[in-house]
1. Loop only per DSSP, at most 14 neighbouring Cβ atoms within 10 Å: give me the trypsin sites (Lys or Arg not before Pro) in the range 151-219, ordered by residue number.
2. Over the residues of the range 76-156, compute the C-alpha Rg and express it relative to 2.2 N^0.38 Å.
3. Place a point 7 Å from the Cα of residue 172 along the Cα-to-Cβ direction; which residues of the range 70-95 have their backbone N under 15 Å from it?
4. With θ taken as phi - 60° and the coefficients 6.51, -1.76 and 1.60, list the Karplus ³J(HN,Hα) couplings across the range 181-198 in order, rounded to whole Hz; mark glycine and proline as x.
5. I'd like the trypsin sites (Lys or Arg not before Pro) in the range 56-125 restricted to DSSP loop residues with at most 11 other Cβ atoms within 10 Å, sorted by number.
6. In percent, how large is the relative contact order of the range 144-229, given Cα pairs closer than 8 Å and 6 or more residues apart?
7. How long are the semi-axes of the equivalent ellipsoid of the range 144-229, taking √(5λ) for every eigenvalue λ of the Cα gyration tensor, in whole Å from largest down?
8. Residues with amide H under 5 Å of residue 91's amide H, sequence separation 5 or more or different chain, H placed in the peptide plane at 1.01 Å from N; which?
Amino acid sequence: MNHITKERYLKAIYHIRHAEKDKVKLSAIAAELALKPPTVHEQIKRLSELHLVKSFGREGLRLTKEGDRAAISVVRRHRIWETFLHKICRFSWSEVHELAEQLQHIRSEKLIDRIYEMSGSPEFDPHGDPIPDKSGSLPHRELRALSESIEGCRCVILGVTEDSTSFLNYLTDVGLGIHDKLVVQKRMEFDGTWKVRHSKHGSLLLTDKVASKIQVVCKKPGCACTTALA
């Protein structure tokens with residue numbers, strides 16, 4: 001198993017574990033990497049032999065401490081590259097993921113430290129995902145889905161829960177991006193469509209599916225959105 005394949009698998013397991021908060025199934029890894037289960041099974045056996053994952057049979061698997069450290073290192077490099085490509089190289093947020101997938105396997109800490117500094121030592125990448133520090137700790141902030149807003153809420157977009165090219169291109173086409181300010185005007189009872197006012201583009205209509213994937217924070221401390229969710 002070469003280091004690129006190993007790192008792809010470890011990052012996939014890391015992502016799934018953080019999304020599901022449980023042991024990771026082979027089927028989920030296959031779906032994440034768009035591979036057939038038998039292929040995944042063989043590679044997981046090799047990761048196990050390297051003591052990077054521990055299998056629990058049908059329950060799934062988990063990263064070992066060594067595997068977790070290696071996975072966090074890849075995730076850190078990936079998100080730093082995404083940020084550098086977006087902030088310094090001016091690639092759109094829908095382009096940076098695929099480019100970072102190629103660059104994340106460069107292991108030079110000197111290079112990663114330099115592009116991290118050039119990007120302003122950010123805590124979050126262009127999609128709002130936290131960038132682990134060198135010890136593996138993640139910065140934290142309280143986010144919620146736009147679809148959990150109440151009418152009249154003033155909020156700021158700080159992340160998305162889907163980073164597919166089609167979804168990010170859609171947001172770009174309608175004029176939405178990270179740090180954009182919104183006012184929630186209305187939720188239509190008939191189909192759940194959300195009407196929001198953008199600080200620059202005026203009123204926009206968003207489906208409930210789209211609104212559920214946009215992560216925001218209320219601008220006003222003690223906003224009634226928080227009370228409504230309690």
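Rule-based calculations on the coordinates, nothing more; no lab input. What you are looking at is a predicted structure, and each value in this text was computed from that prediction instead of being measured. Glycine also receives a Cβ, built like all others from the backbone with ideal geometry; neighbour counts cover every protein chain displayed.
1. Working: sites: 154, 181, 186, 187, 195, 197, 200, 209, 213, 219; in loops: 200, 219.
Answer by residue number: 200, 219.
2. Details: Rg = 14.6 Å, N = 81, 2.2 N^0.38 = 11.7 Å.
Scaled against compact globular proteins, the figure is 1.25.
3. Under cut-off, by backbone N: 82-83, 85-95.
4. Whole-Hz 3J(HN,Hα) from phi for the range 181-198: 9, 10, 10, 7, 8, 6, 10, 6, 5, 4, 10, x, 5, 9, 9, 10, 10, 8.
5. Values: sites: 58, 62, 65, 69, 76, 77, 79, 87, 90, 107, 110, 114; in loops: 90, 107.
Taking the range 56-125 and a limit of 11 other Cβ atoms within 10 Å, the loop trypsin sites (Lys or Arg not before Pro) found are 90.
6. 43
7. Working: eigenvalues 70, 40, 32 Å².
So the three semi-axes of the range 144-229 are 19, 14, 13 Å.
8. It is 86, by chain and number.
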